[in-house]
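The values are calculated or read from the model by the stated rules, or taken from the named source; none is laboratory data. Owing to the predicted nature of the structure, the values given are computational and were not obtained by experimental measurement. No Cβ is skipped: glycine too gets one built from the backbone with ideal geometry, and neighbour counts run over all protein chains shown.
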Amino acid sequence: MSPEASGAPPISGLLTVIITTSVTPSAPSTDLISTILSGFRKHCAELLHCRVIVVFDNYDQITPQARLKKGQVTPEQAQDWDLYKENVKDLILEKFQVIKTDSEFVNLPGEAEYGSPFMEANTVAFDAVRSADKRVTFIEPSRRLGFGLAVRTALRMTDTPYVWIQQHDWGLVADVPAETLLQVMAGSESDDEAPVKYVCFPAVRMLEYATSGDVEHFTVLKDLTSRLRRDFMSASNPKMKIPLTPLFFWHDKPHVASTGHYLATVFPSRLAMLRGDFIEDKIGQRARSQMKEGHWSKWATWLYYPEHGRQLCLRHLQGRTRMGAEDQSKRNAAHRERNKKELQQKAVFQTSVLNQLDDADDIGLEGLF
């Protein structure tokens, strides 16, 4: 049964996809974002019909040697970054089927504040443009925000009740029934014991999480898992089961969450996240500690758990080291050429040694007569 036939709103009115991206070695190639969107199309095509916000998290300094996690880039990377942003914008508009017309985009400048309100430097100005139909928004901060502030900035520009948070180097590799998942989340709003406010998708280290040491070694977490792990079903599609198990951490990797829950729980004030912070580093352990004390429902975090936790849904794309497809092809060709020369040099050396041994044998035989 379609959501329209059941009276449920379509997913496009419920969910906003938030993509965060920053300077990478693969720029100006859009290889990373293209891989993500290909995963969407193959495994969760509904996402390409949703609203999308892309945050182009900036760098802080131009230095001789890059330290991307610290916001330091080389002069060449700074040039590539400008071209990369334009390439990504064109790609997003194409894949989300939005016609690029300047008159249909609205400028929405703003500021991302953080830390103490008594320090004037604790703000980052940003430029944002949004299509008139609100399908696409691009946010470009003047300085580096870090993942945490990038997400908060996008959340504050979100009009839908749910968000899909997508880092630029995690690809979807298994089907995700996003429409039914959102219906389950909406249907759990009044469930005090098992509200579904956040659902993370499993990467390789999260397989069979429910029976891992992260759960089994803690009585409270083990008991919660035993009681709450289940297959959820939506009223409009009872045949589609959504297997979930409680997750005792708040991960940054791709997840779906309630927009209001995100803002209230992770970002209750400007003091919650400093510039450069990652959410899982700042919030993850704090949340886990509270869950061990029995306060899991405050966070209401779940892990999508198909095939009893044996189904992988995410693949890491190695954004900090991955080269663009063309550069990687050149690097591979250079590697093959270098190996070829090394083998040739080795063959010449071996032939030389054999010739010297043959000469030595000849000299030795002559000495016998």
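From the list ARG41, ARG51, ARG67, which residue is of a type in the set (Lys, Arg), more than 15 Å from the chain's Cα centre (by Cα), at pLDDT below 95 and on the phi < 0 side of the Ramachandran plot?
Details: ARG41 fails: at pLDDT below 95; ARG51 fails: at pLDDT below 95.
The conditions single out ARG67.
Name the residue, out of THR160, THR180, THR211, that is under 27 Å from SER12 (Cβ atoms) and touching a helix residue (DSSP H, G or I) at 6+ places or on another chain (Cβ under 8 Å).
Details: THR180 fails: touching a helix residue (DSSP H, G or I) at 6+ places or on another chain (Cβ under 8 Å); THR211 fails: under 27 Å from SER12 (Cβ atoms).
It is THR160.
Which members of the range 302-326 meet the condition of being part of a loop (DSSP other than H, G, I, E, B), modelled with pLDDT of 95 or more and touching a Ser or Thr at 6+ places or on another chain (Cβ under 8 Å)? If you could, list the steps in order and put the result at the bottom.
Here is the first cut: in the range 302-326, the residues part of a loop (DSSP other than H, G, I, E, B) are 305, 310-313, 317-324.
Cutting the leftovers down to modelled with pLDDT of 95 or more gives us 305, 310-313, 317.
Hits for the range 302-326 are TYR305, LEU317.
Determine, yes or no, whether ARG130 is touching a residue at least 24 places away in the same chain (Cβ under 8 Å), within 28 Å of ASP31 (Cβ to Cβ) and among the basic types (Lys, Arg). Even if it seems obvious, please write down each step before you answer.
Numbers: touching a residue at least 24 places away in the same chain (Cβ under 8 Å): yes; within 28 Å of ASP31 (Cβ to Cβ): yes; among the basic types (Lys, Arg): yes.
So ARG130 fits the description; yes.
Rundown of residues vs (1) of a type outside the set (Ser, Thr, Tyr); (2) farther than 28 Å from GLY187 by Cβ, yes/no style:
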residue	(1), (2)
SER12	no, no
ILE18	yes, no
SER34	no, yes
LYS42	yes, no
GLN72	yes, yes
ILE92	yes, yes
GLU104	yes, yes
GLY110	yes, yes
GLU113	yes, yes
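Please name all residue pairs, on different chains or six or more residues apart, with Cβ atoms under 6 Å, provided the first residue is in the range 106-117 and is touching a residue at least 12 places away in the same chain (Cβ under 8 Å) and assigned to a strand (DSSP E or B) and the second residue is among the charged types (D, E, K, R) and surrounded by 13 or more Cβ atoms within 10 Å (Cβ to Cβ).
Matching pairs, first to second residue: VAL106/ARG130; GLU113/ARG270.
Name, by its number, the condition in (1) out of contact with any helix residue (DSSP H, G or I) (no Cβ under 7 Å at 6 or more places or on another chain); (2) hydroxyl-bearing (Ser, Thr, Tyr); (3) crowded, with 19+ Cβ neighbours inside 10 Å that does not hold for SER297.
So SER297 meets the others, but not (3).
Within the range 189-242, which residues are within 27 Å of the chain's Cα centre (by Cα), modelled with pLDDT under 95 and assigned to a loop (DSSP other than H, G, I, E, B)?
GLU189
Just name the residue that is modelled with the highest pLDDT out of those in the range 3-25 that are surrounded by 18 or more Cβ atoms within 10 Å (Cβ to Cβ) and more than 23 Å from GLY148 (Cα to Cα). Please lay out each step first, then the result.
Kept after step one, since they are surrounded by 18 or more Cβ atoms within 10 Å (Cβ to Cβ), are these residues of the range 3-25: 3, 8, 11, 14-25.
Retained after the next criterion (residues that are more than 23 Å from GLY148 (Cα to Cα)): 3, 8, 11.
Values: PRO3: 42, ALA8: 47, ILE11: 93.
For the range 3-25, the residue satisfying everything is ILE11.
Which one is nearest to SER258 (Cα to Cα), of the residues in the range 187-212 that are without any contact (Cβ under 8 Å) to a residue 24 or more places away in the chain and not hydroxyl-bearing (Ser, Thr, Tyr)? If you could, list the steps in order and put the result at the bottom.
Step one: of the range 187-212, the residues without any contact (Cβ under 8 Å) to a residue 24 or more places away in the chain are 189-191, 205, 212.
If we keep only those that are not hydroxyl-bearing (Ser, Thr, Tyr) as well, we get 189, 191, 205.
Details: GLU189: 10, ASP191: 15, ARG205: 25 Å.
That would be GLU189.
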